[in-house]
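S.K.: Provided herewith is a single structure, encoded as structure tokens, for subsequent inquiry.
Just so it is clear, none of the values below were taken in a lab; they were calculated from the coordinates. Owing to the predicted nature of the structure, the values given are computational and were not obtained by experimental measurement. A quick note on method: Cβ atoms are made from the backbone with ideal geometry, for glycine too, and the neighbour counts reach across all protein chains shown.
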Amino acid sequence: MTVTFLFCLPTIVGALTVYLSDASKARKTSYRIIAPWIPVFLFFVITLALALEGWACWLMILPVFLIAASLGGLLGGYLKARNMNNKLSISTLVLLPLLLSPLESMIESLPGTYKAYTYIDIDAPADKIWRNVTRVMEIPEAEDTGYLTRTLGFPRPVKAELNYEGVGAYRKAIFTNGLVFHETVTEYQDLQKMVFNIKAHPHEIPSTTLDEHVVIGGDYFDVLSGTYELEKLPNGIHRLHLYSYFKMNTTFNFYAGLWGKWIMKDIQNNILKIEKQRSESM
């Protein structure tokens, strides 16, 4: 979970792949771009087979690895074309991670807070919508439309329970594979707004549920709060807003934060669609 590993290492692998290749192949731009992908995919397969990395982590970092490896391949091709025996340049590339990694470890990761905002329009009375917001009955797998989270192997939502309606209430959002969000209501306006703090306890989540790098409440990713707001629109339509705040704690939040938003929006859109369908049909 470092910039050195995610960006520098695949660049060097790509450069070495092309530089150590036959000169006739290294002249081709297409070879410089595509050939470095081979060791990346080999690494991908080996780490998955040995359970060194999870499927979710690999899907998130694979685009970076492939782009960085191709850039490295272009660099390796340039070095090979410029000087067939440029051993100093290659040696410098190989040693670069050993130089950068200790320097990066001295830089503290800067926690960043992000907002994931979603909404949906529902043709139903406010009281019916609000019943499906505060408490969510059992969700069959057929109703689940969280395509991104499903692809990444994230747990899917099962139900949400609320002990009472008001400030201080305890809401429990239950997902598959033992993932539970413990929510405390901090602001409540009936049929209008509900704000709640969110806490996931990593020790409650089985180790097989999420990769350690993306476990909620872990060292790198945590969900902080959520808010439902119900807005009345013309012609009996209501707009249900759902937004959440989450925290990333890495040295590359500029990239991890994007994935965090995509994941949270996918979860929220999934829930909103279920609440819409139930409110309009029940």
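S.K.: With no solvent and one equal point scatterer per Cα, compute the Debye intensity ratio I(q)/I(0) for the range 117-158 at 0.17, 0.21 Å⁻¹ and report its log10, rounded to two decimals.
M.R.: -0.64, -0.89
S.K.: If you project the alpha carbons of the range 20-62 onto their three principal axes, what span does each projection cover, largest first, in Å?
M.R.: Taking the Cα atoms of the range 20-62, the three principal extents are 38, 18, 9 Å.
S.K.: Peptides 256-268, 141-153, 55-67: what's the order by average Cβ count within 10 Å, highest mean first?
M.R.: My ranking of the peptides, most packed first, is 256-268, 55-67, 141-153.
S.K.: Next question. Taking only the Cα atoms of the range 222-282, how large is their convex hull per residue, in Å³?
M.R.: 85
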